[in-house]
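The values are calculated or read from the model by the stated rules, or taken from the named source; none is laboratory data. Computed from a predicted structure; not experimentally measured. Here the Cβ is made from the backbone with ideal geometry for all residues, glycine too, and neighbour counts use every protein chain on show.
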Amino acid sequence: MKTITVNVSEPTYREFQAYAKRKDRKTSELIREAMELYREQNIRDSGALSLRDLRPRSLGRVLSPLESDDDLLGEMTNL
């Protein structure tokens, strides 16, 4: 196991300490579990998904319809 140093706010650390005490566990165990859960849900390579594997999502209503001669790159980068 690798030892690391992490800077965290005092209130967050106190919450972890209090919860660990209520559950009769070590604070470091809870933090390791939280890191593992984050890794599983956000970082772990889930089989290198292709764009074809992703489901479409709604991003809301169309603000202005595109015409056949519209520059899509310009539309996407127009901030």
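Would you confirm, using the coordinates I've provided, whether Asp24 is at pLDDT 95 or above and exposed (fewer than 10 other Cβ atoms within 10 Å of the Cβ)?
yes
Does region 37-54 hold any residues that are at pLDDT 80 or above and not polar (S, T, N, Q), and which are they?
Leu37, Tyr38, Arg39, Glu40, Ile43, listed by residue number.
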